[in-house]
Amino acid sequence: MRSDTPTVTGEGRSLYAGRVKVYPKEAHGTFRTVKWIVMAVTLGIYYLVPWIRWDRGPYLPDQAVLIDLPARRFYFFFLEIWPQEFYYITGLLVLASLALFLVTSVAGRVWCGYTCPQTVWTDLMIAVERFWQGDRNARLRLDKHMWSFETLWRKAATHLSWLLIAIATGGAFVFYFADAPTLAKQFWDFDAPTTAYLFVGIFTATTYVLGGIAREQVCIYMCPWPRIQGAMFDRDSLLISYRTWRGEPHGPHRKGETWDGRGDCVDCRQCVAVCPTGIDIRNGPQLECIQCALCIDACDEIMTKVNRPTGLIAYDTVRNLEAGDVGAEPLNLFRPRVILYAVAMAAVAIIMLIALLTRPELDVNVLHDRNPLYVRLSDGGVRNGYTIKLLNKLYLPRAFSIGVEGLPGATLDLIGHEGGAVVPVPPDNLQSVRIYLTLDKPGVKALTSAATPFSFVITDIASGARTEHGATFQGPPR
């Protein structure tokens, strides 16, 4: 069972060494099964979510998740995010970052090993490659005869399959930005917008190159996360580890030989053969290790065959590795950094929840004319001009009356609304209205300063709900 797989790290490694092509062998075991399940779930979510419908009424799109750039909206099931509410997206990004920090401090790079898009699509590409070309040894034989007919047709089928997966990936991505059934029909009829074809092409190329060709090079050289995550580990973080105290000294072992005076590692190098980044976990913590745990499955399989206890490679802490066989300590979750990340996550989540629950159904924005600030009328009165923007966040049409409080004697005129100070606003839409606010001569004389604060009162005619927005009336200097 010994494998002569070369490693991409170790002694004599050059900073400018050429790529050592990795031929990952198929692993079997608990962690490989978990990775299959995670891949199926994550890819299923990515490809199927744009097709989920969500009824928002007759006036709005019924796609559950939609980034509507022309309308400047983001729909996520029952949520609708407007441009001025981008802080919700910021909060989600902060929450996701803190969750990543928390998980990393507890269990290392499990994000990289299981749910990172690069890992998921690389796993899929390797599975396709294995389907057409066979497992590791078969692929090595094919590469030794590059110009044989069998090699050519198997590699052509592999790359064609990769290309189809990449096209599906790019196609699924653009469906998040337009109605999926409509855009799919436009693609079929070759009538889709040019930008849709452009972005499908970009994501097809990146998926094909990064997932099918570059693979581990992305994790080793392009991704910044391996160079950051080390700062989040401590002596109690669970990491994929080779238990040196149990495995050394290592070496080949024949049936019937004694295990006295030696370790359990039989130097089979199966842990290297299954590693998607081509490292030897026995060399200790390495930047290239994505903590996928496939080496655990490979090692456990060998330990079972040689009648030794499993767990030679396992999730373990630095504290337990240093203690050796003296005795393992239970995982300590209540550590300062873990508590800090958890508290920060809870705080951000609570703030976002409060903001969501107290989210107003009407947003009001008042803009005062800047030039001129006011107009003196022939009868001695003063007029100010305003632009009021009413954002109706409900999925039904509404009508609002506009009034003034805190400015006695003021008269209000809505430009283009001769029927009174009533403004209809379409469902889930913005209505802008121009207003002139006039104060007669006695009212102007009663002003105590050049800038007088007051409030616009916007009332929902149907429900009677009131919204006040402060403003300033500008007059002659006092």
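The values are calculated or read from the model by the stated rules, or taken from the named source; none is laboratory data. Because the structure is predicted, anything quoted here is derived from the model rather than measured. Using ideal geometry, Cβ is built from the backbone for each residue, glycine included, and neighbour counts are taken over all protein chains shown. For accessibility, only protein heavy atoms count, side chains too; no ligands or nucleic acids. Shrake-Rupley method; radii C 1.70, N 1.55, O 1.52, S 1.80 Å.
How far, in nm, would the chain grow between residue 472 and residue 146 when pulled straight, counting 0.36 nm per residue and subtracting the alpha carbon separation?
Details: separation 326, 0.36 × 326 = 117.36 nm, distance 7.91 nm.
That works out to 109.4 nm of additional length.
Pop out the carbon and sulfur fraction of the accessible area of the range 373-425 as a percent, whole number, probe 1.4 Å.
On the way: 1460 of 2550 Å².
So the carbon and sulfur contribution to the accessible surface is 57 percent.
As an exercise, use a Förster radius of 25 Å and the Cβ-Cβ distance of residue 248 and residue 305 to find the FRET efficiency, rounded to the nearest 0.05.
On the way: r = 20 Å, r/R0 = 0.80.
Here the calculated transfer efficiency is 0.80.
Using θ = phi - 60° and the Karplus form 6.51 cos²θ - 1.76 cosθ + 1.60, what ³J(HN,Hα) does each residue of the range 273-278 get, whole Hz, x for Gly and Pro?
Computed from phi, the couplings for the range 273-278 are 5, 8, 5, x, 10, x Hz.
What is the dipole size for the chain, taken about its Cα centre, with +1 at each Lys and Arg Cβ and -1 at each Asp and Glu Cβ, in debye to the nearest 20? Mind showing how you got there, number by number?
On the way: 47 positive and 44 negative charges, 159 e Å.
Dipole size: approximately 760 debye.
Once you sort the root eigenvalues of the Cα gyration tensor of the range 317-446 as a ≥ b ≥ c, which label holds: rounded (a/c under 1.5), prolate (a/b larger than b/c) or oblate (the other case)?
prolate
According to the square roots a ≥ b ≥ c of the eigenvalues of the Cα gyration tensor, what is the shape class of the range 230-330, taking rounded for a/c under 1.5, prolate for a/b larger than b/c otherwise, and oblate for the remainder?
Oblate.
Can you give the helix-only mean residue ellipticity at 222 nm for the chain, where every DSSP H stretch with n ≥ 4 adds -39500 (n - 2.57) and the sum goes over all residues, rounded to the nearest 500 deg cm²/dmol? Numbers along the way, then the final one.
Numbers: 14 runs with 173 residues, N = 478.
So the calculated ellipticity at 222 nm is -11500 deg cm²/dmol.
Per residue and in Å³, how big is the convex hull formed by the alpha-carbon atoms of the range 169-252? Write down the numbers at each step before the final one.
Working: hull volume 17.5 nm³, N = 84.
In the range 169-252, the Cα hull volume divided by residue count equals 209 Å³.
Which distance in nm do the two modelled labels at residue 323 and residue 33 give, with both placed 7 Å along the Cα-to-Cβ direction?
2.9 nm
Which residues' amide hydrogens lie under 5 Å from the amide hydrogen of residue 108, considering only partners 5 or more residues apart or on another chain, with H built in the peptide plane?
Under 5 Å from the amide H of residue 108 lie the amide H atoms of 238, each far enough along the sequence or on another chain.
Between helix 194-207 and the chain, what is the angle of the helix's C-alpha long axis to the longest principal axis, kept within 0 to 90° and rounded to the nearest 10?
That helix lies at roughly 30 degrees to the long axis.
Write out the trypsin sites (Lys or Arg not before Pro) in the range 163-265 meeting two conditions: DSSP loop, and at most 16 other Cβ atoms within 10 Å of their Cβ. Present the calculation step by step, with values, prior to reporting the outcome.
On the way: sites: 185, 215, 227, 235, 243, 246, 254, 255, 262; in loops: 215, 235, 243, 254, 255, 262.
Those satisfying the criteria are 235, 254, 255, 262.
If you count only protein heavy atoms with a 1.4 Å probe, what accessible area per residue comes out for the chain, rounded to a whole Å²? List each step's numbers first, then the result.
Values: 25460 Å² over 478 residues.
Accessible area per residue: 53 Å².
Kindly state, to the nearest 0.05, the FRET efficiency for residue 267 paired with residue 96, given R0 = 45 Å and r defined as their beta-carbon distance. Provide the component values of the computation, followed by the final result.
On the way: r = 41 Å, r/R0 = 0.92.
Calculated transfer efficiency: 0.60.
List the longest stretch of the chain that has no exposed loop site; here a site is one of the chymotrypsin sites (Phe, Trp or Tyr not before Pro) assigned by DSSP to anything other than H, G, I, E or B, with at most 14 other Cβ within 10 Å. It would help to have the intermediate numbers written out before the result.
Values: sites that count: 16, 59, 77, 78, 86, 147, 190, 259, 334, 395.
Longest run free of exposed loop sites: 396-478.
Assuming R0 = 45 Å, what is the FRET efficiency of residue 394 and residue 163, from their Cβ-Cβ distance, to the nearest 0.05? Walk me through the numbers before you get to the answer.
Numbers: r = 46 Å, r/R0 = 1.02.
Result of the calculation: an efficiency of 0.45.
So, with +1 on the Cβ of K and R and -1 on the Cβ of D and E, and no other charges, what is the size of the charge dipole of the range 293-337 about its Cα centre, to the nearest 20 debye? Don't skip to the end; give the middle numbers.
On the way: 5 positive and 7 negative charges, 30 e Å.
Taking the Cα centre of the range 293-337 as origin, the dipole is about 140 debye.
How many nm separate the modelled label positions at residue 434 and residue 332, each set 7 Å beyond the Cα in the direction of the Cβ?
Spacing of the two 7 Å Cα→Cβ label points: 7.1 nm.
Which one of 128, 23, 101 is farthest out on the positive end of the charge dipole of the range 19-166, using unit charges on Cβ (Lys, Arg +1; Asp, Glu -1) and the Cα centre as origin?
Of the options given, the answer is 23.
What ranking, highest mean first, results for peptides 357-368, 404-415 when packing means the other Cβ atoms within 10 Å averaged over each residue?
Highest-to-lowest ranking by the protection proxy: 404-415, 357-368.
Just report the Cα centroid separation between the range 70-88 and the range 153-191, whole Å.
The distance from the Cα centre of the range 70-88 to that of the range 153-191 comes to 27 Å.
Where does each of 288, 26, 468 land when they are ordered by accessible area, with a 1.4 Å probe and the largest first? Working shown, then result.
Numbers: 288 10, 26 60, 468 105 Å².
Ranked from most to least accessible, the order is 468, 26, 288.
Provide, for the chain, the number of lysine pairs with alpha carbons under 19 Å apart, each pair being eight or more places apart or on different chains. Walk me through the numbers on the way to the answer.
Details: 21/144; 21/155; 25/35; 25/144; 25/155; 25/305; 144/155; 255/305.
For the chain, the number of qualifying lysine pairs is 8.
Note down the nm distance, to one decimal, between modelled labels 7 Å out along Cα→Cβ at residue 84 and at residue 349.
3.0 nm
Can you list residues from other chains, or at least 5 along the same chain, whose modelled amide H is less than 5 Å from the amide H of residue 274?
Under 5 Å from the amide H of residue 274 lie the amide H atoms of 25, each far enough along the sequence or on another chain.
Taking the structure as given and computing volume of the Cα convex hull per residue in Å³, which label from [x] 231; [y] 157; [z] 129 fits?
Of the labelled values, this structure produces [x].
Starting at the first residue of the range 335-347, write each ³J(HN,Hα) from the Karplus equation 6.51 cos²θ - 1.76 cosθ + 1.60 with θ = phi - 60°, in whole Hz, x for Gly and Pro.
Residue by residue, the range 335-347 yields 10, x, 5, 5, 4, 4, 5, 5, 5, 4, 4, 4, 5 Hz.
Once a ≥ b ≥ c are taken as the square roots of the eigenvalues of the Cα gyration tensor of the range 88-199, is the result rounded (a/c under 1.5), prolate (a/b larger than b/c) or oblate (a/b not larger than b/c)? Mind showing how you got there, number by number?
Working: a/c = 4.12, a/b = 1.20, b/c = 3.43.
Oblate shape, in that a/c is at least 1.5 and b/c is the bigger or equal ratio.
May I ask you to compute the full-extension gain from residue 127 to residue 51, defined as 0.36 nm times their residue separation minus their alpha-carbon distance, rounded to one decimal in nm?
On the way: separation 76, 0.36 × 76 = 27.36 nm, distance 2.61 nm.
This chain segment gains 24.8 nm when fully extended.
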